[in-house]
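Some notes on the structure that comes next.
Rule-based calculations on the coordinates, nothing more; no lab input. Fair warning: this is a prediction, and the values are worked out from it, not measured in the lab. Because the Cβ atoms are built from the backbone with ideal geometry, glycine has one as well, and the counts that use them run over all protein chains shown.
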Amino acid sequence: MSNLSVGSASSEEQMWKGALMPALIVALICVLASIAMRGGAGARGSLLASLIVVLFFSVHLGISVISKSLDPIATMALAMFSYFAKVMVMGAFLLVVTKFTSPATVSRSAFAVTALAITAAWLAGEIRAFMKLKLGLPLPLIKPEPPEKL
């Protein structure tokens, strides 16, 4: 694995790379396991989950890059909007898959297990990458108060 210390890449890029590798490894394992257990339907369900999870978490880090220079209230509003939009898009996507495909075409269980496994791997990788970053936290200087005169 590459060294994730602060260098030429931004912290978001380093976190994305640190999260992407474990997520892709878990995605590959899940796709192969789904093919072995459910055949083509498992492969399609697992590949769809892989694409959706990686895309959604990448959007999260992209929004982090966009909101880096914004004030905290705007950052929170952008984060809430992106979360709401992702939930709505995921809901619409799941509705389309459920209504317009049969379980013989796209395995729901392969989709669910893969999505959960990749989410756990992504978050673990992102946390690991964040812990490797050497971000300086500017703390305010505390001036000692002069002693009181009695």
For the stretch 19-85, which trypsin sites (Lys or Arg not before Pro) are in a loop by DSSP, counting at most 10 other Cβ atoms within 10 Å? none
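Can you give the net charge of the other residues whose Cβ lies under 15 Å from the Cβ of Ala49, counting K and R as +1 and D and E as -1?
Summing Lys/Arg as +1 and Asp/Glu as -1 gives +4.
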The list [x] 43, 32, 29; [y] 61, 55, 25; [z] 85, 34, 33 gives values of Cα extents along the principal axes in Å, and only one came from this structure; which label was calculated from it? [z]
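Which value in deg cm²/dmol, rounded to the nearest 500, describes the helix-derived mean residue ellipticity at 222 nm for the chain, given -39,500 (n - 2.57) per DSSP H run of n ≥ 4 and division by the residue count? Don't jump to the answer; show the numbers that get you there.
Details: 3 runs with 110 residues, N = 150.
Result for the chain, helices only: -27000 deg cm²/dmol.
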Need the full-extension length gain, Lys132 to Leu70, defined as separation in residues times 0.36 nm minus the C-alpha distance. One decimal, nm. 19.8 nm
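Using Cα-Cα distances under 8 Å and only pairs 6 or more residues apart, what relative contact order does the chain have, in percent?
Numbers: 130 pairs, mean separation 69.4, N = 150.
Taking the mean separation of contacting Cα pairs over the length of the chain, I get 46 percent.
May I ask you to order 54-64, 95-105, 19-29 by the average number of other C-beta atoms within 10 Å around their residues, highest value first? Working shown, then result.
Values: 54-64: 16.5, 95-105: 11.1, 19-29: 18.7.
Answer by packing, highest mean first, reads 19-29, 54-64, 95-105.
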